[in-house]
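This report concerns only the one structure given below.
The values are calculated or read from the model by the stated rules, or taken from the named source; none is laboratory data. Since the model is a prediction, treat every value here as computed from it, not as a measurement. For neighbour counting, all protein chains shown are included, and Cβ atoms are generated from backbone atoms with ideal geometry for every residue, glycine included. The accessibility values were calculated without ligands, DNA or RNA, using every heavy atom of the protein model including side chains. Shrake-Rupley method; radii C 1.70, N 1.55, O 1.52, S 1.80 Å.
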Amino acid sequence: MATTVKTPAVKKPRKSRAAKKPKIEVVATSPDVQTNAALLARREAAVPRGVASAAPVFADHAENAELWDVEGKRYIDFAGGIAVLNTGHRHPAVVAAAKAQEDRFTHTSFQVVPYESYISLAEKLNTLAPGDHPKKSLLVTTGAEAVENAVKIARAATGRPGIIAFTGGYHGRTLLTLGMTGKISPYKKDVGPFPADVFRAPFPSVRDGITVEDALTGLKNLFLTDAQPDRVAAIIIEPVLGEGGYTPVPFEMLRELRAICDAHGILLIADEIQAGFGRTGTMFAIEHSGVVPDLITVAKSMAGGYPIAGVIGRADVMDAMDPGGLGGTYGGNPVACAAALAAIEALETEGLLTRSLKLGAHFRTRFAEIGARTAPFRMWDIRGLGAMLAVEFVTDFDTAKPDAALVKSVCAHALKRGLILLGCGMHGNALRIMVPLTASDAIIEEGLEIFEAALAEAVAEQAS
């Protein structure tokens, strides 16, 4: 039986950043916007069903790690807009920076009339990224766009077409990134064929009995059977699987990939879109391994809720494309650039990297306690790096059969009680933690108490 560490009790009542702010006035724009049911009906009529929403409630306003729906109900947010809000909802410095930029101009297109904030953000990213080599950064709008551009750059730099990705990896919903994503449902279902010259290697998995040695053997066999090494431009990997289950890549695996890439002239791309900007306790998750990639894709928490993404890489590689070959109308939007600079400064000056490590340790301890007390032999694994954690549930320890139904039930019961949770994993049987790093200890504890109550309800429901 695992030994757990006792954590100090949290004093109540709770005091959050929201309590220091004046109440936000809700102004109705039409008679039916104040109920979740009315908005849900409008959503179903106007938005395609392929755009899924995890919660059937509609946001009205939010502050740090709390959110209120249009009916006034309060929620603790452990989802963070899918790992976008490491600095919390409406971080004051991020909002102030964005508003100041809006007072100057909101768009010129960097490809038409450039602006200083794009350059400042690129300089900052170049400084933050691991490695002593000269670097350059491209700014775009979405994570999938960043990945597509990383592939483009890698192909141009190497003169090769091939890309190798891994089982369980998630790289986006565009056609090329879907070809690289290693999970069929719901992302790839019914939308193939996918682009050629994209190959898949096995990911090391305790559940599937695949060791690091097995995974590397699979990659080497891929070189013998399908992916000619001197025609492979890049190997792309998430240092911690995101949608695939919040599973860290063993550091030995990352080091071996670096050596294989060097031996064959292949570029190594670290997809840090979900793991980056403090989520794991370092600015980029790959820093834990000591491995330096050639290219890094970034997005999500880079700008504290504003849409921006990018590719950071070796200067010689990034310069492979001719002028005009990179960019996009909205890429590196000036408001988002200003927000990103403020969000990164908050991560650095507010001690949020250290906070991530402390939160990760606390969550591990509390999950172990909750699992032993509330769901014996159902919490099969607690894994991750820093505050990028997942809890995997099974029907029992003997078979370790994934229990996606339990996770779905826990999320539903938690939402009713005022906690927003999201699942993940190849089998949908893991709950992931993406709470803002700025959340107070009291909010964290309140959320964990709701989680335990929801888990107890879900277990009892299955047993009845």
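A few comments on the model shown:
- Verdict on Ile286 being in a helix (DSSP H, G or I) and crowded, with 24+ Cβ neighbours inside 10 Å: yes
Residue-wise test of (1) open to solvent by 10 Å² or more (accessible area, probe 1.4 Å); (2) of a type outside the set (Asp, Glu); (3) in a loop (DSSP other than H, G, I, E, B).
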position: Ser185; (1), (2), (3): yes, yes, no
position: Gly192; (1), (2), (3): yes, yes, yes
position: Gly218; (1), (2), (3): yes, yes, no
position: Gly242; (1), (2), (3): no, yes, yes
position: Gly245; (1), (2), (3): no, yes, yes
position: Arg279; (1), (2), (3): no, yes, yes
position: Thr282; (1), (2), (3): yes, yes, yes
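- If you check Asp132, Asp60 for being free of Cβ contacts under 8 Å to residues at least 40 places away in the same chain and in a loop (DSSP other than H, G, I, E, B), only one passes: Asp132.
- For Tyr118, the requirement of being more than 30 Å from Leu357 (Cβ to Cβ) and surrounded by 17 or more Cβ atoms within 10 Å (Cβ to Cβ) is met.
- One residue from Leu257, Leu222 being modelled with pLDDT of 95 or more, open to solvent by less than 10 Å² (accessible area, probe 1.4 Å) and out of contact with any helix residue (DSSP H, G or I) (no Cβ under 7 Å at 6 or more places or on another chain): Leu257
- Residue that is crowded, with 22+ Cβ neighbours inside 10 Å, farther than 18 Å from Val84 by Cβ, in contact (Cβ under 8 Å) with a residue 40 or more places away in the chain and over 23 Å from the mean Cα position of the chain (by Cα), where the choices are Ala400, Ala458: Ala458
- All positions within the range 424-444 that are among the small types (Gly, Ala, Ser), assigned to a loop (DSSP other than H, G, I, E, B) and crowded, with 24+ Cβ neighbours inside 10 Å: Gly425, Ala439
One line per residue, one yes/no per condition, for (1) at pLDDT 95 or above; (2) over 26 Å from Gly351 (Cα atoms); (3) out of contact with any Gly (no Cβ under 7 Å at 6 or more places or on another chain); (4) basic (Lys, Arg):
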{"site": "Pro48", "(1), (2), (3), (4)": "yes, yes, yes, no"}
{"site": "Trp68", "(1), (2), (3), (4)": "yes, yes, yes, no"}
{"site": "Tyr75", "(1), (2), (3), (4)": "yes, no, no, no"}
{"site": "Pro92", "(1), (2), (3), (4)": "yes, no, yes, no"}
{"site": "Ala97", "(1), (2), (3), (4)": "yes, no, yes, no"}
{"site": "Arg104", "(1), (2), (3), (4)": "yes, yes, yes, yes"}
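- Checked against (1) free of Cβ contacts under 8 Å to residues at least 12 places away in the same chain; (2) among the basic types (Lys, Arg); (3) closer than 21 Å to Met434 by Cβ, Arg90 passes all but condition (1).
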